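**Q** One structure is given below, represented as C-alpha cells, and several questions about it will come after.
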Amino acid sequence: MTDVPAWFSRAIGERPEERSIPVAGTDIRYLSWGTAGKPGLVFIHGGAAHAQWWSFTAPLFTADWHAVAIHLSGHGDSGRRTEYSHELWSEEVMAVAEDAGFPGPPVVVGHSLGGMVTIQT
C-alpha cells in the first residue's frame, strides 16, 4: 500500500521531546508533544510495550492538549526495578504529570495494563 493517510504522516512527523525523571530510585523516561501550559493528557502503554506505541496517536491531540506518553518502569527506555506494582506505576504517572507542568490534573488514557494503572492513578 502506497497511500499513507495524511493524519498518520503528520502524526509521525512530529518528534517528541524526550525527558527523564527519577521516581523511587529509578529513571522514568517519557515523551512529550505539544505546548506547555495546555491541559495535560497522559498516555500509558500496555504490558510488554513502551511509550512509542502512542507516537502515531498522541500528536493528534496537541491543538488542545499537552500530550505525554510514559515508559513505565521495566518497559521501553525506563529503568528496571526488582519489584513492580500498580501503585508504584501510578506514582510514576503522577510524577511525569508533575514534571510536565500541567496546569491541573491530567486526563489519563491507558491501554490494557495501562488501563489498570489508569484506574489505580
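The values are calculated or read from the model by the stated rules, or taken from the named source; none is laboratory data. Because the structure is predicted, anything quoted here is derived from the model rather than measured. Positions of Cβ are backbone-derived with ideal geometry, glycine not excepted, and every protein chain shown enters the neighbour counts. All accessible areas refer to the heavy atoms of the entire protein, side chains included, with ligands and DNA or RNA removed. Shrake-Rupley method; radii C 1.70, N 1.55, O 1.52, S 1.80 Å.
**Q** In Å², what does the accessible area per residue of the chain work out to with a 1.4 Å probe? Provide the component values of the computation, followed by the final result.
**A** On the way: 6360 Å² over 121 residues.
Dividing the accessible area of the chain by its residue count gives 53 Å².
**Q** Among (1) -0.29, -0.51, -0.90, -1.39; (2) -0.28, -0.46, -0.77, -1.14; (3) -0.34, -0.59, -1.01, -1.37, find the value of log10 I(q)/I(0) by the Debye sum over Cα atoms at q = 0.10, 0.13, 0.17, 0.21 Å⁻¹ that was calculated from the structure presented, and write down its label.
**A** The value matching this structure is (2).
**Q** Helix 86-100 versus the longest principal axis of the chain: what angle, 0 to 90°, nearest 10, using Cα atoms?
**A** The helix 86-100 is inclined about 50 degrees to the chain.
**Q** Quick check on packing: order 85-98, 65-78 by the mean number of other C-beta atoms within 10 Å, highest mean leading. Don't jump to the answer; show the numbers that get you there.
**A** Details: 85-98: 18.4, 65-78: 23.2.
Top to bottom by mean Cβ count within 10 Å: 65-78, 85-98.
**Q** Counting DSSP beta bridges in the chain, what percent are antiparallel, to the nearest 5?
**A** Bridges in the chain that DSSP calls antiparallel: roughly 55 percent.
**Q** Looking only at Thr82, Thr62, Thr26, which one moves most when the chain is put into a Gaussian network model with springs between Cα atoms under 10 Å?
**A** Maximum fluctuation in the GNM of the chain, among the listed residues, is at Thr82.
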